[in-house]
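Only one structure is covered here, and it is reproduced in the block below.
The values are calculated or read from the model by the stated rules, or taken from the named source; none is laboratory data. These numbers were taken from a predicted model, which means no experiment stands behind them. Here the Cβ is made from the backbone with ideal geometry for all residues, glycine too, and neighbour counts use every protein chain on show.
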Amino acid sequence: MPEPVLELADVRYRYPTGAEALRGVTFAVQPGEHVALAGPNGAGKSTLVLAMAGFVSAAGTIRVAGHTLTPGSARDVRRHLGLVFQDADDQLFMPRVADDVAFGPATMGLEPEEVRARVGEALAAVGLEGYEDREPYHLSVGEKRRAALATVLAMRPQILVLDEPSADLDPRGRRMLIDLLRPMTSTLMVITHDLDLVVETCRRVVVLDAGAVVADGPVREVLSDRALVEAHGLEVPLRLAQGAPDMQGT
């Protein structure tokens, strides 16, 4: 098998209050995998993402694209791990959409021509061609979410991590998001408790509860286990409860 693009080994983190947020989290992700990290509110999902990106200092070992995360390597590691926050306003801060998408590639020191090419490529990938001169704060929630995704795609990370990507989206925006994520060939991690989204976009799910991994396996197998999901504050996704096929039609 190829070397995992993401490796977590015994990752632990305590809040300043002493509360344990992550308790020995261990799993690996292969290149090209679509993996969901699911769990109830307070399970430690967002804390784990912040640890993966080096925004909080956790114990244990985190390797991203072959690079071991340390305080000195965090900035380089983040070039390989593209994080799309739940609130798009945390990533959109420039006067024009094109400026936001160009910001990351420009800070990488790329030539202006390459930056422009990446902006066009990323906006096309999320269906926002022609939005270059739009003001981000005038966009709909769904458009903001796709613009924030474009800011990360423009940097061409090896791992794309989306934190609660379907939050606050209307049905049309949610469907557009699913149609965007499903065909992606890059490594994708979706952090969510929207399990129907998981069924439609991911093959594998890691369930986190109280800071620990409680299940890890194929989406249909894990999320069809009513006793398991209900024991950890979740529900069997509607698509599986009704017997609908998952994203692979299996």
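Of note:
- Among the residues making up region 198-220, a single one is more than 17 Å from the chain's Cα centre (by Cα) and basic (K, R): R220.
- The residues on offer are A154, A150, A227, and the sole one that is touching a Pro at 6+ places or on another chain (Cβ under 9 Å) and not aromatic (F, W, Y) is A154.
- The residue that is surrounded by the fewest Cβ atoms within 10 Å (Cβ to Cβ), counting only those in region 104-128 that are within 20 Å of the chain's Cα centre (by Cα) and under 22 Å from D76 (Cβ atoms), is P105.
- Residues located in region 11-37, provided they are over 28 Å from T185 (Cα atoms) and either assigned to a strand (DSSP E or B) or polar (S, T, N, Q) (or both): R12, Y13, R14, T17, E20, A21, L22, R23, G24
- Scanning region 178-217 for residues that are touching a Pro at 6+ places or on another chain (Cβ under 6 Å) and of a type in the set (A, V, I, L, M) returns L195, V199.
- For the criterion of being among the hydrophobic types (A, V, I, L, M, F, W, C), outside the structural domain of R182 (by TED's automatic domain parsing) and under 23 Å from R175 (Cα atoms), A122 passes.
- The set of residues in region 38-58 that are assigned to a helix (DSSP H, G or I), of a type in the set (A, V, I, L, M, F, W, C) and in contact (Cβ under 8 Å) with a residue 24 or more places away in the chain comprises L48, V49, A51, M52.
Let's see how each residue does on (1) among the aromatic types (F, W, Y); (2) within 25 Å of S46 (Cβ to Cβ); (3) modelled with pLDDT of 95 or more:
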| site | (1), (2), (3) |
| --- | --- |
| V84 | no, yes, no |
| D90 | no, yes, no |
| D99 | no, no, yes |
| G109 | no, no, no |
| E114 | no, no, yes |
| G130 | no, no, no |
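- Cβ pairs under 8 Å, 6+ apart, first in region 11-30 and among the acidic types (D, E), second in a strand (DSSP E or B): E20/R12; E20/Y13; E20/R14
- Scan of region 158-168 for residues that are assigned to a loop (DSSP other than H, G, I, E, B) and more than 17 Å from D90 (Cβ to Cβ), ordered by number: Q158
- Every condition in (1) farther than 20 Å from T192 by Cα; (2) touching an Asp or Glu at 6+ places or on another chain (Cβ under 7 Å) holds for G39 except the one numbered (1).
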